[in-house]
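Asks: The structure under discussion is supplied below as structure tokens; questions concerning it will follow.
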Amino acid sequence: MIAPTHPGWDDSERPDDLADVAGLAGVYLDLLEQQGLSGVTVLGVSFGGWVAAEMAVTDRGKRIGRLVIIDAVGPQIEGHPPTMPSGPPPSTGPAPGGPQQGPPPGNMAAFRAYTTGGLEDPSLLGRFADLPVPARLIWGENDTVVTPEFGRRYAEAIPGAQFTLIPGGGHLPMREAPQATFAAIDAFLAGQ
């Protein structure tokens, strides 16, 4: 398993010329090539789901074998724009001196650098028309960032994609409803 950290996340360096989702997807595709990997299952959540989707539609080396997208931003879906939470973010764990709220500032700075054009790519859905890999989109029924209807429309744009709604899940269903989320992933990977 490879679980890369986006450049700019967790106090890592982000080169100035790495400033969009397409560039980040290219870095990860290069990593798969350097490792000599093929038939890889790529899984991404939220922003990472957008990166995973971009990887799938630009994978010229046929490195990706399956795609799992969980509550991801990325495509432009008319009438369903992503909505960033307006209240305090959930705690991501304790920090010295008290609980940390939300993602670290460096992560948010990198996120803003990658999404200077917004949280939607108007070309993404159309580029799925010939996607040759199986895909499963998993969505929390209570996601307010990208609604379940957003997820359904996203899945409809991907030939043969499966859509799974996770009861009790929000934008991060692997935290809010882990058993159901991991069961959906396992079933997909097992070919059910």
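The values are calculated or read from the model by the stated rules, or taken from the named source; none is laboratory data. Keep in mind that this is a model prediction, so the values were computed, not measured. Note: ideal-geometry Cβ built from the backbone for every residue, glycine included; neighbour counts use all protein chains shown. SASA here: full protein model, heavy atoms, side chains in, ligands and nucleic acids out. Shrake-Rupley method; radii C 1.70, N 1.55, O 1.52, S 1.80 Å.
Asks: Only helical DSSP H runs with n ≥ 4 go in: add -39500 (n - 2.57) per run for the chain, normalise by residue count and round the 222 nm mean residue ellipticity to 500 deg cm²/dmol.
Replies: After summing the helix terms and dividing by residue count, I get -9500 deg cm²/dmol.
Asks: Enter the mean projected area of the convex hull around the alpha-carbon atoms of segment 129-171, in nm², rounded to one decimal.
Replies: For segment 129-171, the mean projected area of the Cα convex hull comes to 2.8 nm².
Asks: Using a probe radius of 1.4 Å on heavy atoms only, what accessible surface per residue do you get for the chain? Whole Å² is fine.
Replies: It amounts to 52 Å² per residue over the chain.
Asks: Of all beta bridges DSSP finds with both residues in the chain, what is the antiparallel percent, to the nearest 5?
Replies: About 20 percent, rounded to the nearest 5.
Asks: Continuing with this model, one more query. In whole angstrom, and with the biggest value first, how far do the Cα coordinates of segment 1-76 range along each principal axis?
Replies: 30, 30, 21
Asks: Expressed as cubic angstrom per residue, what is the convex hull volume of the alpha carbon set of the chain?
Replies: Given the Cα convex hull of the chain, per-residue volume reads 131 Å³.
Asks: Let me have the relative contact order for the chain, percent, based on Cα pairs under 8 Å that are six or more residues apart.
Replies: This gives 20 percent for the chain.
Asks: Still on this model: Keeping the other protein chains in place, figure out the carbon and sulfur percent of the accessible area of the chain, with a 1.4 Å probe.
Replies: On the chain, the fraction of accessible area on carbon and sulfur atoms equals 54 percent.
Asks: Longest exposed-loop-site-free stretch of the chain, with trypsin sites (Lys or Arg not before Pro), DSSP loop and at most 16 other Cβ within 10 Å?
Replies: 63-192
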